[in-house]
Amino acid sequence: MKLLINGEWRDAASGKAFAVRNPATGDMLEEAPLGGEEDVRSAAEAAGEAFADWSAKSPRARAKILFFAAEEVRRRNTDLAALLTAEQGKPIREAVDEINGFANILEYYYALSAGERGEFANLPGYGHTIVLRRPLGVCGAIIPWNMPAIIMGWKIGPALTTGNTMVLKPATTAPLTCGRLASILEGAGLPPGVLNVVTGPGETVGREIARNPEIRKVSFTGEAGTGRQVALDAAPALKQVTLELGGSDPMIVCDDADIPMAVEGAVRGRFYNCGQTCTAVKRLYVFDSIADEFIRRLRSRVESIVVGNGMDRGVDMGPLNNPAGLERVVREVDAVCEHRDGEIVTGGQAPRGEGYERGFFFLPTLVAGLSHDSPLFSEEVFGPVLPVATVADLDEALIRANDSRYGLGASVWTRNADLIARATEGLEAGIVWVNQHLKIPPEVPFGGTKGSGIGRENGSRALEAYTEEKVVMIRL
Ligand code: NAD
């Protein structure tokens, strides 16, 4: 791929490139330009120049381009999904869902564009007051590798609909799908400079997006530590910052839960995308009275998960996306054995044999009997490892669940109205699911409380997050 700056696909100013590899095989897929600060500056300048014309169009005219792009994305779903699986590792059916998810988001913002309007008030003594909503200007988007298409959609959908232009930085281990989606948007009629894509390292490209004073807002999705750095870098220019950071979502299974449904929910919630989802089930709390049966059934279901190359038929879980992620998971699981804190119920190592030699594979893993302060509970484990603890009742479950610096998502599994009321009220999270987990349609505001971030994406108010109010007071 190339960088997209001002409607031109070009090499990085440095002339250098880096390899994007398939995490299931280690094979090189394509090279991407090793962009740097200079490329971000060119992209910000192009976005600045494109802003006047783009923001002068009607919201519907802008969003129509997104809508046409969504149609084309659906038409090319098979190819796009294959590219996503090749660079990211997820099973092809998850990639198909993600590409459709990107199209859903663009269509959602097309629908919302018709309702974009300001406010009016007639204030006696002050005259007629109009509150306009104006786009911010050039916005920056920095995204991770775990759900590149969806997260790109979450950012470009509201930003472009409201008349902003953008500089987008994909992650270095999954930039190709973002590049392909940007070229579809171009083909659908997006004018040059409205969306610019700069690939390259976070330390240079990402930091310049955060610092560059031409960029009025930065929307970042990634790890909490990186998010903090982005906020510090953005502070001198006083730019707006949205931070969608990590999570350590608890799932609470009460004694009246539908056990087969909750087992399926835990499996999907944790092992979807090889456990590399911000709102994955990262801690499981099961009521004592059902724990034996629940863990027995969960173990047998986890052992039925087929691990392999995401392109292969019948594969349920692909490899981790990158070697650093795999090393981290290995270290975290090895520590359980070293400190004799907890017991590996199943998994706990890389699968062996044909097909697993070069990929970043790890078996789906269940760990039980951990102490409360185990790092598997206190840290965000970004891989296929599920720690399970038993609790006496909902009071204990809520104390354990909230004992985390994160607050992204949480779920409770019960049909008891009193337990539902107490859990939805008591769980400290940006989203609380009941008898489900992980679902984030574009219609609902999404983001975290506590250390999981600042601000929300999605939902109708995402349009507000990419605009600011301008008041006009008219006295005749
Ligand atoms: P990461 O923080 O390492 O990288 C995210 C992006 O930031 C990448 O594009 C990276 O190149 C860039 N980056 C790295 N250093 C930077 C710096 N100093 N300045 C600016 N940009 C920099 O995260 P990751 O490993 O790619 O993604 C996994 C993390 O993302 C997990 O913590 C996960 O929970 C989180 N996540 C959150 C959400 C959400 O919406 N809350 C969604 C998906 C993933």
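Among 320-333, 8-21, sorting by the average number of other beta carbon atoms lying within 10 angstrom of each residue, highest first, gives 320-333, 8-21.
Pairs from the list Lys155/Lys217; Lys2/Lys169; Lys169/Lys217; Lys282/Lys450; Lys217/Lys439 with a Cα-Cα gap above 19 Å: Lys217/Lys439. For the chain, a simple Cβ point-charge model (Lys and Arg +1, Asp and Glu -1, everything else neutral) yields a dipole of about 1340 debye relative to the Cα centre.
Listed highest first by mean packing, meaning other Cβ atoms within 10 Å per residue, what order do 135-146, 225-236 come in?
Working: 135-146: 25.3, 225-236: 16.8.
The packing order, highest mean first, is 135-146, 225-236.
Counting only heavy atoms of the protein chains, get the accessible area per residue of the stretch 379-445 (1.4 Å probe) and round it to a whole Å² value. Show your work: numbers first, answer last.
On the way: 2690 Å² over 67 residues.
With all protein chains present, the stretch 379-445 gives 40 Å² per residue.
Protection proxy ranking for 368-375, 264-271, using the average of other Cβ atoms within 10 Å per residue and placing the highest first: 264-271, 368-375.
Nonpolar atom fraction for the stretch 265-354, defined as the carbon and sulfur part of the 1.4 Å probe accessible area, stands at 46 percent.
Consider all pairwise Cα distances in the stretch 192-340 and report the whole-number % of them above 23 Å. Show your work: numbers first, answer last.
Numbers: 6139 of 11026 pairs.
Here the tail beyond 23 Å accounts for 56 percent of pairs.
The order of Tyr109, Tyr272, Tyr126 by accessible area, most exposed first and with a 1.4 Å probe, is Tyr126, Tyr272, Tyr109. Along each principal axis, taking the top coordinate minus the bottom one, the Cα set of the chain gives 74, 60, 41 Å in descending order.
Each Cα pair under 8 Å and six or more residues apart adds its sequence gap; the mean of these over the residue count of the chain is a relative contact order of 18 percent. For Lys64, give me every one of the aspartates and glutamates with a C-alpha distance below 13 angstrom, ignoring sequence neighbours fewer than eight places off in its own chain. Within the straight-line limit of under 13 Å, Lys64 reaches these aspartates and glutamates: Glu72, Glu107, Glu186. Solvent-accessible surface of the stretch 236-326, averaged per residue with a 1.4 angstrom probe and all protein chains in place: 35 square angstrom. Taking every protein chain into account, the accessible area of the stretch 41-158 amounts to 41 square angstrom per residue (probe 1.4 Å). Projected onto its three principal axes, the C-alpha set of the stretch 117-185 covers 59, 20, 17 Å, listed from the longest axis down.
Cα-based Rg of the stretch 293-369 per 2.2 N^0.38 Å, rounded to two decimals? So the stretch 293-369 has a normalised radius of gyration of 1.15. Bridgeable aspartates and glutamates around Lys90 (alpha carbons under 17 Å apart, same-chain partners fewer than 8 residues away excluded): Asp27, Asp79, Glu98, Asp312, Asp316.
The values are calculated or read from the model by the stated rules, or taken from the named source; none is laboratory data. Since this is a predicted model, take the numbers as computed values, not measurements. We place every Cβ from the backbone using ideal geometry, glycine too, and count neighbours over all the protein chains shown. Accessible surface is based on the protein model in full, side chains and every heavy atom, while ligands, DNA and RNA are left aside. Shrake-Rupley method; radii C 1.70, N 1.55, O 1.52, S 1.80 Å.
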